[in-house]
1. What residues have an amide H closer than 5 Å to that of Val39, excluding those fewer than 5 places away on the same chain, when H is modeled at 1.01 Å from N in the peptide plane?
2. P(r) for the chain: what percent of alpha-carbon pairs falls in each 10 Å bin, starting at zero?
3. Cut-off under 17 Å on the C-alpha distance; same-chain residues fewer than 8 positions from Lys21 excluded. Which aspartates and glutamates are left, in chain and number order?
4. Going highest first, how would you order 36-43, 12-19 by mean Cβ packing within 10 Å?
5. Cβ neighbours within 10 Å, averaged per peptide: list 73-80, 58-65 in order, most packed at the top.
6. Between helix 69-81 and the chain, what is the angle of the helix's C-alpha long axis to the longest principal axis, kept within 0 to 90° and rounded to the nearest 10?
7. Against the longest alpha carbon principal axis of the chain, how many degrees, from 0 to 90 and to the nearest 10, is the axis of helix 6-17 turned?
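Derivation of every value follows stated rules applied to the coordinates shown; laboratory data play no part. Keep in mind the model is a prediction, meaning the values are calculated, not measured. All Cβ positions, even for glycine, are placed from backbone atoms using ideal geometry, and neighbour counts span all protein chains on display.
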Amino acid sequence: DESFIARNFLLGWKKNVFPIKPKSILVVSAHWETDVPSVSAGEHPDVIYDFSDVPDCMFQMKYPAPGSPKLAKRVQELLIAGGFKITRLDESRGFDHSSWVP
C-alpha cells in the first residue's frame, strides 16, 4: 500500500542492505511477557494485533512469513549455553507488531 510513509524507505533499505535474500531473520521482541526466555517456534506463526489507536486497515494486514523451528531450537541452545537455565520453545506464539511493519 503506497499510502504507508515508511514503504519506500523500507523497500530502498531492503535493496541496499539485503541484496541477497536471507534464509532467516531473527527478531528479538520486548513485547512478550514471560517468566523465562521464550522463542517462537511455530512453522507458520499468525499475526498478533497487539496495538491500538491505529487505522482499521492495520487490523486487516497479514504477514505470511514462515517461522523456523530449526532456528528457534538453535537460539534456545545458545541461550542455554549463555547461562539461561530454563528457556521455552513456544509453537503457538505469533508475530507481534515488533516483527512486521506495513
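1. Hits under the 5 Å cutoff: Arg88, Leu89, Asp90.
2. 13, 39, 33, 14, 1
3. Partners within reach: none.
4. On the way: 36-43: 17.2, 12-19: 9.1.
Going from most to least packed, we get 36-43, 12-19.
5. On the way: 73-80: 14.8, 58-65: 11.8.
Highest mean packing first, the order is 73-80, 58-65.
6. 50
7. 60
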